[in-house]
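Here the structure is laid out as structure tokens; the discussion comes afterwards.
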């Protein structure tokens with residue numbers, strides 16, 4: 001086992017969310033990988049109020065215990081897979097808020113994106129790419145987008161098509177490569 005640690009961040013806390021099944025599918029596929037250890041990080045386990053730190057995150061002067069706990073958790077990882085719904089042509093508010101809480105913990109690490117929604121969540125990913133760039137997160141090209149119409153039964157039971165398996169392999173390959181390279185840079 002490599003010493004790379006990658007978080008699969010579940011970016012929805014909504015009751016009845018579809019994201020848990022999607023994140024579990026990603027974690028299941030990651031289980032076959034040997035280049036990195038993957039861990040599910042559920043934002044429901046990190047209840048963050050709307051950003052309430054007086055000092056900008058780039059200063060690294062966290063005051064709230066909830067912020068310190070979140071920063072400690074995120075700092076453990078070398079890379080991230082963000083699993084996001086698409087709400088109103090963007091990512092979820094809870095995910096954006098959680099990302100905005102921190103700065104240095106994200107820097108010079110790699111990220112990949114998995115989305116779901118009526119159009120596969122592609123617009124949510126585009127917004128996250130912009131945010132990731134500002135945080136010095138190197139995001140990989142490959143993404144996974146799941147349609148509520150074709151990858152979910154009755155819009156709620158996750159049943160992705162087999163075409164997503166090859167895309168997932170490409171996503172993991174790219175993310176592990178970038179994660180490894182950036183870990184060397186951070187050292």
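The values are calculated or read from the model by the stated rules, or taken from the named source; none is laboratory data. Predicted model only: the values in this text are computed from it and were never measured. Cβ placement follows ideal geometry from the backbone for every residue including glycine, while neighbour counts extend to all protein chains displayed.
Structure above, values below:
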| quantity | calculated |
| --- | --- |
| Residue satisfying condition, being within 29 Å of residue 163 (Cβ to Cβ), in contact with a strand residue (DSSP E or B) (Cβ under 9 Å, 6 or more places away or on another chain) and in a strand (DSSP E or B), within set 22, 41, 26 | 41 |
| Residue match in region 30-37 (condition: surrounded by fewer than 20 Cβ atoms within 10 Å (Cβ to Cβ), in a helix (DSSP H, G or I) and at pLDDT 95 or above) | no |
| Among (1) in a strand (DSSP E or B); (2) more than 23 Å from residue 18 (Cβ to Cβ), the one test that residue 181 misses | (1) |
| Inter-residue pairs, beta-carbon under 6 Å, first under 16 Å from residue 8 (Cα atoms) and in region 166-187, second at pLDDT 95 or above and part of a helix (DSSP H, G or I), 6+ apart | 168/29 |
| Within region 148-178, tally of residues that are assigned to a helix (DSSP H, G or I) and either touching a strand residue (DSSP E or B) at 6+ places or on another chain (Cβ under 8 Å) or within 16 Å of residue 112 (Cβ to Cβ) (or both) | 15 |
| Sole residue being over 17 Å from residue 144 (Cα atoms), out of contact with any helix residue (DSSP H, G or I) (no Cβ under 7 Å at 6 or more places or on another chain) and without any contact (Cβ under 8 Å) to a residue 24 or more places away in the chain, chosen from 65, 76, 39 | 65 |
| Positions within region 1-28 being surrounded by 19 or more Cβ atoms within 10 Å (Cβ to Cβ) and more than 22 Å from residue 155 (Cβ to Cβ), in sequence order | 4, 6, 7, 8, 9 |
| Some residue of region 174-186 being crowded, with 17+ Cβ neighbours inside 10 Å and in contact with a helix residue (DSSP H, G or I) (Cβ under 8 Å, 6 or more places away or on another chain) | no |
| Residue check, residue 71 modelled with pLDDT of 95 or more, touching a helix residue (DSSP H, G or I) at 6+ places or on another chain (Cβ under 8 Å) and either assigned to a helix (DSSP H, G or I) or exposed (fewer than 14 other Cβ atoms within 10 Å of the Cβ) (or both) | no |
| Qualifying residue in region 140-147 (condition: more than 22 Å from residue 21 (Cα to Cα), out of contact with any strand residue (DSSP E or B) (no Cβ under 7 Å at 6 or more places or on another chain), surrounded by fewer than 23 Cβ atoms within 10 Å (Cβ to Cβ) and modelled with pLDDT of 95 or more) | yes |
| Scope region 117-131; condition touching a strand residue (DSSP E or B) at 6+ places or on another chain (Cβ under 6 Å) and assigned to a helix (DSSP H, G or I); matching residues | 122, 124, 125, 127, 128, 129 |
